[in-house]
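Contents: one structure, followed by commentary.
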Amino acid sequence: MSATKRIYMDHSSGKPVDERVVEAMLPYMQKSYGNPSSLHGMGQEARKALDEARAKIAELINAEKKETIVFTSGATESNNLAIKGVAYRNKDKGTRILASRIEHMSVINSCKYLTTKGFETLFLPVDSYGFLDLEALEEKLAENTVLVSVAYANGEIGTIQSIGEISKIVHSRKAYLHVDATAACGQIPIDVKIEGIDLLTISSNDMYGPKGTGALYVKDGTRLEPLLHGGGQEKGLRSGTENIPAIVGFGKAAELTKKEMPTRAEHLTRLRDKLIKGLLEAAPYSFLNGHPTRRLPDNVSVRYSFIEGESMLLSLEMEGVFASSGSACTAKTLEPSHVLLAIGLKHEEAHGSLMFTLGKQSTEEEVNHVVAVMPSIVKRLRAMSPLTPKELVD
Ligand code: PMP
């Protein structure tokens, strides 16, 4: 494979929009551009498209009815709405909020912000695979806890939580459970009814829909205060004219995902396991981050001792491979990932980590290329690193 070819393995940061999704969106940009709040025919056309998209997203997560889906601008907004919205509206019931230590920054920073408004937030530990410590959850789940926020699966290390089990514990104390399913939704089946989820964050681009739209599932009866005030769209929970083309695309992406999830997951899991095996065989002192099997089908996170993730990334890019050293949202900081530190890695171990996220268009040939170039990259960088033990260099 030529080095000029682009091998994209950073799908958790951004995915291509499915062609069928683009096709579904196009008419809503130039032909059917009415506002769903308008009473005339073109408004009603937009209203119909909005309702249909809502129904498709509700179906993907087995929501009780389509009205439980609130459209937002994406996962960050959904997480903010869930956390601040529940906190503000339920202050009479309690002021404690719990979240795991490996949540996305949109969850962590929403929780931290609430501490400036009279709330108490506690971040719960996880084990070395990234599974939530259920004993800590029970222990910290006091009577005044109003919300627990846990991601369905971690976007950096791929670990999938036992949401059903967590839900039982949370509900035994009458708190609400918010689940950030940004990384998981579309890759593995999610059933909000069976798993007992009160609020669920979903992102469009993560299932090959357009960026700039997402949703929050809000179970009927959940007490939630809006963050945006205005024309009262989305049942008053998210004012602002709906982004119909993007929402139509999101709906189409959800419909395709529901149909194609098993084949996509099978393809990804096969490539994932091949890539993990190849990367761990590429050099000694290499380790997998996260759980070997209870992990997202697209996620490969590994670490190599004695060298830095950043230098591996640069070398990979010279071979035409685009990967990541962690979450795109924290990639700009030089701090090691809070997720990797929370699973117990030392700073230098976290810095030696690399993340590859596969997509439905990823191929075996691409995986083979990465596996083929990795041994010489690690060897060369280790030879230059003062941390490498002598016997590994010679
Ligand atoms: N939650 C998780 C688990 C994520 O991985 C991300 C980033 N893709 C987000 C929330 C935030 O998504 P966005 O930046 O699209 O709002």
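For first residues located in the range 145-160 and more than 21 Å from ILE276 (Cβ to Cβ) and outside the structural domain of VAL339 (by TED's automatic domain parsing), partners that are among the aromatic types (Phe, Trp, Tyr) and away from the ligand (no atom under 11 Å from the Cβ) and lie 6+ apart or on another chain with Cβ distances below 7 Å form the pairs VAL146/TYR176; LEU147/TYR176.
If only residues of the range 168-191 that are assigned to a helix (DSSP H, G or I) and open to solvent by less than 30 Å² (accessible area, probe 1.4 Å) are counted, the one that is nearest to the ligand (Cβ to nearest atom) is VAL170.
When the helices (runs of 4 or more DSSP H) confined to the range 288-394 are screened for residues that are among the hydrophobic types (A, V, I, L, M, F, W, C) and under 21 Å from the mean Cα position of the chain (by Cα), those reaching at least 2 such residues are found at 338-342.
Only residues that are touching a residue at least 24 places away in the same chain (Cβ under 8 Å) and touching a Gly at 6+ places or on another chain (Cβ under 9 Å) were counted across the range 224-237, and they come to 8.
For beta carbons closer than 7 Å, sequence separation of 6+ or different chains, a first residue in the range 8-33 that is over 30 Å from ARG272 (Cβ atoms) and a second that is open to solvent by 30 Å² or more (accessible area, probe 1.4 Å) and assigned to a helix (DSSP H, G or I), the qualifying pairs are SER32/MET42; SER32/GLU45.
Residue check: LEU296 meets all listed conditions (1) touching a strand residue (DSSP E or B) at 6+ places or on another chain (Cβ under 6 Å); (2) surrounded by 22 or more Cβ atoms within 10 Å (Cβ to Cβ); (3) farther than 29 Å from ASN62 by Cβ but one, namely (3).
Among the residues of the range 354-370, just one is within 16 Å of the ligand (Cβ to nearest atom) and either at pLDDT below 95 or of a type in the set (Val, Ile, Thr) (or both), namely THR357.
Among the strands (runs of 3 or more DSSP E) confined to the range 58-158, the ones with at least 1 residues that are more than 26 Å from VAL302 (Cα to Cα) and within 12 Å of the ligand (Cβ to nearest atom) are located at 69-72, 145-151.
In the range 43-57, the residues that are open to solvent by 50 Å² or more (accessible area, probe 1.4 Å) reach residues that are not basic (Lys, Arg) with C-beta atoms within less than 6 angstrom, at least six apart or across chains, in these pairs: GLU45/SER32; GLU45/GLY34; ARG47/PRO36; LYS56/GLY251; LYS56/ALA254; LYS56/GLU255.
Scanning the range 151-163 finds no residues that are open to solvent by less than 10 Å² (accessible area, probe 1.4 Å), out of contact with any Asp or Glu (no Cβ under 6 Å at 6 or more places or on another chain) and over 29 Å from ALA265 (Cα atoms).
Scanning the range 96-140 for residues that are under 20 Å from the mean Cα position of the chain (by Cα), among the polar types (S, T, N, Q) and surrounded by 19 or more Cβ atoms within 10 Å (Cβ to Cβ) yields SER100, SER106, SER110.
Here is a yes/no grid of residues against (1) of a type in the set (S, T, N, Q); (2) modelled with pLDDT under 95; (3) out of contact with any Ser or Thr (no Cβ under 6 Å at 6 or more places or on another chain):
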residue: GLY164; (1), (2), (3): no, no, yes
residue: SER172; (1), (2), (3): yes, no, yes
residue: HIS178; (1), (2), (3): no, no, no
residue: ILE188; (1), (2), (3): no, no, yes
residue: THR201; (1), (2), (3): yes, no, no
residue: TYR217; (1), (2), (3): no, no, no
residue: PRO226; (1), (2), (3): no, no, yes
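The values are calculated or read from the model by the stated rules, or taken from the named source; none is laboratory data. On a predicted model such as this, the values are computed, not experimentally measured, just so you know. Don't worry about glycine lacking a Cβ; one is built from the backbone with ideal geometry, like all the others, and counts go over all protein chains shown. With ligands, DNA and RNA removed, areas are computed over all heavy atoms of the protein, side chains included. Shrake-Rupley method; radii C 1.70, N 1.55, O 1.52, S 1.80 Å.
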